[in-house]
Amino acid sequence: MAHTREEKMEAFGRLLDVLDRLRVECPWDRKQTNESLRPNTIEETFELCDALMRDDNTNICKELGDVLMHVCFYSLIGQEKGLFDVADVCNKQADKLIFRHPHVYGQVKAETAEKVLENWEQIKLKEKDGNKTVLSGVPAALPSLIKAYRIQDKARNVGFDWEDKKDVWKKVREELDELEAELEREDKERSTQELGDFLFSVINAARLYHLNPDNALEHTNQKFIRRFNYVEQHSIREGKPLTEMTLGEMDQLWDEAKALEKQ
């Protein structure tokens, strides 16, 4: 059941009150800094991502709370330094959203999500404290797969993209051929470079077909884990270590796991 706006504001205020008290009375909370909290924030974000992938609404709610707590904690540290507080954080975000949505708050026309994204990139380049270049807004610390997708997406928003998405497959095949050629030469450095080019082209293809490569890979990771766990659990029940099983025996169990998923 949705809460009223007043109830939401009261709940947010309650969280701020709890943090204020913990910052003073709890020895652990009292000693935290931006640097010490950062690893925890990364962990909490990944836990939220995991819950989102599993569509686990109970844990999505829980992990959102953890992430929100970190946002409020950093804001409290900023307040203590006399730099900013949570109201500044909220107001700056609201101002930014209003400025970047002239099709809602102004007279600009944007009938599709694609047009909104195009406008978004152009607006960010014009902002006083915005990105100085198209790709400068891509965080350096992003995981490489996600970073590749964001780089390509930002380039697309300013018109640098394939005219026909089907043409990307020629590039994928070309990069695969170059990778295979370097592997044949056993040139590890060149092979590594060509592997990167090949992966970049596959990510590009996924983007063009509106598929999220990070989500796709994580689904495959989880699928592999389920099937491999089935093989391992069977070996434990049989009292036969995996190292003593033949590849054929493991393949048979793998096929059983696949068949069970289809039932």
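The values are calculated or read from the model by the stated rules, or taken from the named source; none is laboratory data. Model, not experiment: these values are computed from the prediction. For neighbour counting, all protein chains shown are included, and Cβ atoms are generated from backbone atoms with ideal geometry for every residue, glycine included. With ligands, DNA and RNA removed, areas are computed over all heavy atoms of the protein, side chains included. Shrake-Rupley method; radii C 1.70, N 1.55, O 1.52, S 1.80 Å.
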Every listed condition ((1) in a helix (DSSP H, G or I); (2) under 20 Å from ARG156 (Cβ atoms); (3) at pLDDT below 95) holds for HIS219 save (2)
Quick check on my filter: what residues within segment 21-60 are within 17 Å of ASN215 (Cβ to Cβ) and surrounded by 13 or more Cβ atoms within 10 Å (Cβ to Cβ)? THR45, GLU47, LEU48, CYS49, ASP50, ALA51, LEU52, MET53, ASP56, ILE60
With the condition kept exactly as written, say whether any residue in segment 103-120 is surrounded by 14 or more Cβ atoms within 10 Å (Cβ to Cβ) and within 19 Å of the chain's Cα centre (by Cα). yes
Please specify each residue of segment 89-109 satisfying the condition of being polar (S, T, N, Q) and at pLDDT below 85. GLN107
Answer residue from segment 132-178, given it is assigned to a loop (DSSP other than H, G, I, E, B) and of a type in the set (Asp, Glu) and is farthest from ALA206 (Cα to Cα) among those: GLU163
What number of residues within segment 204-263 are open to solvent by 80 Å² or more (accessible area, probe 1.4 Å), among the charged types (D, E, K, R) and closer than 24 Å to ARG54 by Cβ? 2
Pair list, Cβ under 7 Å, 6 or more apart: segment 81-105 residue under 23 Å from GLU118 (Cβ atoms) and without any contact (Cβ under 8 Å) to a residue 40 or more places away in the chain, other residue of a type in the set (Gly, Ala, Ser) and part of a loop (DSSP other than H, G, I, E, B): HIS103/ALA110
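When segment 156-179 is examined, which residues are found to be within 17 Å of VAL138 (Cα to Cα) and modelled with pLDDT of 90 or more? Quick ask: steps written out before the conclusion?
Applying the first criterion (within 17 Å of VAL138 (Cα to Cα)) to segment 156-179 yields 156-158, 160.
Correct list: PHE160 only.
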Just to be sure I understand the filter: pairs with C-beta atoms under 7 Å, separated by 6 or more residues or on different chains, first member in segment 230-245 and within 17 Å of LEU260 (Cβ to Cβ), second member part of a loop (DSSP other than H, G, I, E, B). Which pairs pass? SER235/PRO241; SER235/MET245
All positions within segment 11-66 that are more than 20 Å from GLY78 (Cα to Cα) and part of a loop (DSSP other than H, G, I, E, B): ARG54, ASP55, ASP56
Testing ARG190 on (1) assigned to a helix (DSSP H, G or I); (2) charged (D, E, K, R); (3) exposed (fewer than 14 other Cβ atoms within 10 Å of the Cβ), one condition comes back false. Which one is that? (3)
